[in-house]
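> Pasting a structure here, questions to come.
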Amino acid sequence: MLVMAKTTANFTSSPPYHNYNHKATSMKSSIGFIFFKPSSRISLLPSNLGGSCKIICASALLAETIDRIHVDDNTRICRFCEVGDLKNAIELLCRSEKSELEVKTYCSILQLCADLKSLQDGKVVHSIISSNGMVVEGVLGAKLVFMYISCGDLREGRRIFDQILNDKVFLWNFMMNEYAKTGNYGESILIFNKMQKLGIEGNSYTFSCILKSLASLGKVEEGKRIHGYLHKLGFGSNNTVVNSLVAFYFKCGRVQSAHKLFDGLSDRDVISWNSMISGYVLNGFPENGLQFFREMLCLGITVDLASIVNALVACANIGIVSLGKGFHAYGIKSCFDIDVMFRNTLLDMYSKCGDLDSAIQVFEEMHQRTVVSWTSMIVAYVREGQFDDAIRLFHEMEKKDVRPDVFTVTSILHACACSGLLESGKDVHNYIREKKMESWLPVSNALMDMYAKCGSMEDAHLVFSQMPVKDVVSWNTMIGGYSKNCLPNEALSLFSEMQWKLKPDRVTTACILPACGSLAALERGREIHGHALRNGYSSDLYVTNALVDMYVKCGVLVLAQILFSVIPKKDLISWTVMVAGYGMHGFGNEAIATFKDMRHAGIVPDEISFISILYACSHSGLLNEGWTFFNSMINEWKIEPKLEHYACMVDLLARTGNLSKAYRFIEKMPIEPDATIWGALLCGCRIHHDVKLAEKVAEHVFELEPENTGYYVLLANIYAEAEKWEEMKKLRERIGQRRLKKNPGCSWIDVKGKVNIFIAGGDSHPQAKKIESLLKKLRTKMTDEGYFPKMRYALINADDREKEVALCGHSEKLAIAFGMLSLPPGRTIRVTKNLRVCGDCHEMAKFMSKTANREIVLRDSNRFHHFKDGYCSCRGFW
C-alpha cells in the first residue's frame, strides 16, 4: 500500500494527457510507441474473487495508468521537439523521472539542440543523461557527437567519438568532413586510417572526403594508393567517387591523370563536366576549360549554375570581356542572374577584364549583396587604382551593417598601402581593434604591410611585437619593410632573430638581400647567397635578380655579370638590374649594349628600364646617346616621361657642361619640376663652378624644399670652392635661423666581418693615430711628386695649413687608410660613404691606388668609383 501511495502521488503531480482516445483500446503515438487503455475486460472478472480481486484489479489499473503516464512524458518531449520548442522540451526533461525517459527521447532533444545550434542546452541534456546513468553508446553516443560538432564544439564531440564503439559510416564521414572544413586535413586522414584498421567499410562520401583532404595537403602518392583501393572495392565506375578523383588530380596539378579518368567515365554527369572546366581553369588553362564548356553545349548537356560560374572565371583569367558578356547574357536567359553567386562572379569577371563600369553596374543592380559582393567591388576599385572609392565603399559597407570578413579587411588595407594613405589605414586599424580581428593572422600581416608601405615602420613593429603567432609571411613583411624603408641594419637584425625561430624561405632571401646591398655588406651577402644555394633557392628568378642587384651594390660587378649570364630565362627585372648596375659603376657603353641585347631578346622596356639607361648615359657623359633613348621612349614606345626621366636628362646636360640648355629644358617641361630636377642642375653648377646660375637655381630649390639641409650645404660648397666667403657666411646664418643641421660625412668599411665606421674629423677609432700617420706620409709623398691639395674642397675660410688638416679628416680617406693598414696586400679595399665624395678625396684615392698597388672601390651617394693604377672609372663624371 505504501508503494501504491507513492506511485499515486507521482501520478497526481504529473500534468494530464488530454489527447487520450477513449474509444480505442490501444493507440500508437507519432514516434511509434504503443500504449494500452483500460478496457471492459476488467469488469467481467468472476465476482466470487471478493475483496482480493478488487485489490488486484485496482493494482492492474494503476499499473496501466502509470505506464501510460511514463509514455506520455516521452511523447510530449518529442512533440515539443517536433515543433521546435526547445525551452519546454528541456523543462519537461528536467522534471521527468529518469526511469521514465527513453533513448529516443534524448535523441530527439539532442537533434533539436543541433538544429538550433544551442550548445548550452545541449550540454544541459548531456548532463541529465550522465546524471540519469544512461550508457553513452550506440545511437545515443552518435547523437551526442552530432550535437556537439553541429554546435561548434569539435573537441568535445571528438572526445565522445573516441569513447564510443560505433560502426556507423555516417558518423565517421561526419567527423572526417568537420576536420576538413576547419582545414585540419591531417586529422581527417588519421580518422580515415583508424576507420580502415577497424574494418569499417567506407562509402562514396568517405572517399570524396579523404581525397579532398589528400589534395589539400598535396599528398599525391597517398591519393594514388586510395585510387587503387577504390578499384578493388568496385567504386571505379561510381560517378561521385570518380568525380572526386578527377578533382583530386586537378588540385595536385596532375592534369593528364584527371583527363584520363574523365575519358574513361561512361556515364558523365554535369558534375563531371564542371570538374573538368574548373580543374583546367585552376591549373592555368582557362582556354581548355572553355573548350569543355562548349562541348557541354554541343552535346546538349544541361548547364547548371556551377558550369556558368566556372566559365566566367575562365573568361576573367583570359581577360576576354566580350566572351564574358556572352556568358552574362546566357546566364540571364537561363535565369541564373537571380543567384548571388552568379552576380558575384560576374562582378569579379568584369573587374579582372578591366571593365570597371560594367562591374559597378552589376553591383548596383544586385538586390541581395553578400560580403563577397562588397569585397569584390572593393577589389575592383583597388585593381583600377581608385583607392579613395575603395575606402568609401568600405565605410558604406559598415553603414549597411554588412560585417567585413578577412578578405575585405586585407583588401582595404592593401588599398591604403598602395596609395600611401596612412591615416585611412589607421582608421581601418581602429575598426579592426573594435571588432577584435587582430587575432586573424592574415589581418595582422596586412596591417604590417600597410604600415611598411606607408613608411611607418614603428607602427608595423608594434603590430609585429603584439602578434601571438607569427608565420613566415609575418617575418618577411617586416624584413622587406625595413629594407624598403632604408633601415638595413634593422632588417639584418630581424633576419638573424628569425633564423632562431623559423626557417627563412626564398621570399625571405629576396627581402634581405637589398639590405645587404644598401650597406654594401658583401660578406653578409655572400653568406645569404650560400644559404640560397644550400636550400635550392638560387633557381628562383626573384632570388637570382636580388643576388645580382646585391653584388652590383656591393661593388662586385664581376660576380653580378657571372650570375646574370647564367640566368636561363631573364625577365625585364633581370635586364633592368644589370643595365642600372653598369650605369652605377660608370660603364655607360656596356649599359647601352645590355639594353640593346634586352630588345633583341624580345623584352619590352618599361619606364623603369628607361630611367636606368638614362642614368647610365648621365654618369658616363653620353649626351647624344641619352637624347636618343629619351626620344625613343616618347616616340617609339609611347611612354610619357615622368619626373625621374626629366631629372636624368637635366643631370646629363648639367654634367656635360650644358647648363644653359638644362635650364631651358626645365622651363619647357610639360610637368612642374620638383626639387630633384632643380637639384640636379645645382650639382652641375658646382661641377662647372657657375656661381651666378647656382644662386638662381638654388632659390627654386629652397622654395620647394625649405627644410632640406643638403641643398643649402651644396650651395655653401659652391661658394666655398669659389672662395666667396661673405656669401657663404650669409648662407650659414640663413641655415642657422632655420635651425637646420647638416648630416655629417660618414664612411664605413667591412674588415673580417666587422663594420668600422668613420666620421669626418673623428679620432675615436682605436687605430686613429696610425691612420693619421699613414695619411701624412701619403700627403708628403704626393707633394714630392708634384701634387698639391685642392684647398677649395676644405670648405673653410682659413690658411692652407688648416685647410690641409681639414681635408685629411674627410671620412672616406680615414676608411681607405684603415683598409690599407688592416687588409692583406693586394686585397681590394671597399668603402661606402653616405655623401658625395669630394674632389680632393677623389684625387687622393687615385694616388693611393697607384702607390699601394691596390684596387679601391668607393661607393658614394651618387655612384661607384673604381680606382686602379691612378685612374677612376668615373672619368670625372660624378
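The values are calculated or read from the model by the stated rules, or taken from the named source; none is laboratory data. The shown structure was predicted, so the numbers you read here are calculated from the model rather than taken from an experiment. Note that each Cβ is placed from the backbone with ideal geometry, even for glycine, and that neighbours are counted across all protein chains shown.
> Residue 652 passes all but one of (1) exposed (fewer than 15 other Cβ atoms within 10 Å of the Cβ); (2) under 19 Å from residue 617 (Cα atoms); which number fails?
It is condition (1) that residue 652 fails.
> At least 3 residues that are among the β-branched types (Val, Ile, Thr) and touching a helix residue (DSSP H, G or I) at 6+ places or on another chain (Cβ under 8 Å) in each: list the helices (runs of 4 or more DSSP H) lying fully within region 442-544 that qualify.
Here the list reads 472-484, 506-519.
> Also, I was wondering about something else. For region 248-265, indicate whether the set of residues that are in contact with a helix residue (DSSP H, G or I) (Cβ under 9 Å, 6 or more places away or on another chain) and within 24 Å of residue 331 (Cα to Cα) is non-empty.
No, region 248-265 contains no residue that is in contact with a helix residue (DSSP H, G or I) (Cβ under 9 Å, 6 or more places away or on another chain) and within 24 Å of residue 331 (Cα to Cα).
> Collect the residues in region 143-179 that are surrounded by fewer than 16 Cβ atoms within 10 Å (Cβ to Cβ), of a type outside the set (D, E, K, R) and farther than 14 Å from residue 192 by Cβ, keeping them in residue-number order.
The answer is 152, 163, 165, 170.
> Follow-up. Could you tell me whether any residue of region 634-644 is out of contact with any Pro (no Cβ under 7 Å at 6 or more places or on another chain) and crowded, with 21+ Cβ neighbours inside 10 Å?
Within region 634-644, not a single residue is out of contact with any Pro (no Cβ under 7 Å at 6 or more places or on another chain) and crowded, with 21+ Cβ neighbours inside 10 Å.
> For region 247-274, which residues satisfy the criterion of being of a type in the set (Gly, Ala, Ser) and under 14 Å from residue 223 (Cβ atoms)?
247, 253, 257, 258, listed by residue number.
> Which ranges mark the helices (runs of 4 or more DSSP H) fully within region 770-878 that have 1 or more residues being over 48 Å from the mean Cα position of the chain (by Cα) and modelled with pLDDT under 85?
Counting at least 1 such residues, we get 800-808, 839-851.
> To continue, here is another question. Tally time: how many residues in region 330-366 are buried (at least 20 other Cβ atoms within 10 Å of the Cβ) and of a type in the set (Val, Ile, Thr)?
Counting residues in region 330-366 that are buried (at least 20 other Cβ atoms within 10 Å of the Cβ) and of a type in the set (Val, Ile, Thr) gives 2.
> What's the total number of residues in region 519-551 that are in contact with a strand residue (DSSP E or B) (Cβ under 9 Å, 6 or more places away or on another chain) and of a type in the set (A, V, I, L, M, F, W, C)?
4
> For region 599-627, which positions are modelled with pLDDT of 95 or more, closer than 26 Å to residue 685 by Cβ and of a type in the set (S, T, N, Q)?
612, 624
> Sticking with this structure for a sec: Of everything in region 405-453 that's of a type in the set (Lys, Arg) and closer than 23 Å to residue 482 by Cα, which residue is surrounded by the most Cβ atoms within 10 Å (Cβ to Cβ)?
Selected residue: 453.
> Only helices (runs of 4 or more DSSP H) wholly contained in region 152-218 count here; list those with 2 or more residues that are farther than 25 Å from residue 136 by Cβ and out of contact with any strand residue (DSSP E or B) (no Cβ under 7 Å at 6 or more places or on another chain).
Filter on region 152-218 gives 185-197, 204-216.
> If only one of 584, 669, 598 is in contact with a strand residue (DSSP E or B) (Cβ under 6 Å, 6 or more places away or on another chain) and of a type outside the set (S, T, N, Q), which one is it?
Step by step, each of 584, 669, 598 is checked, and only 584 is in contact with a strand residue (DSSP E or B) (Cβ under 6 Å, 6 or more places away or on another chain) and of a type outside the set (S, T, N, Q).
> Hey, another quick one. Quick one: is residue 377 surrounded by 21 or more Cβ atoms within 10 Å (Cβ to Cβ) and modelled with pLDDT of 95 or more?
yes
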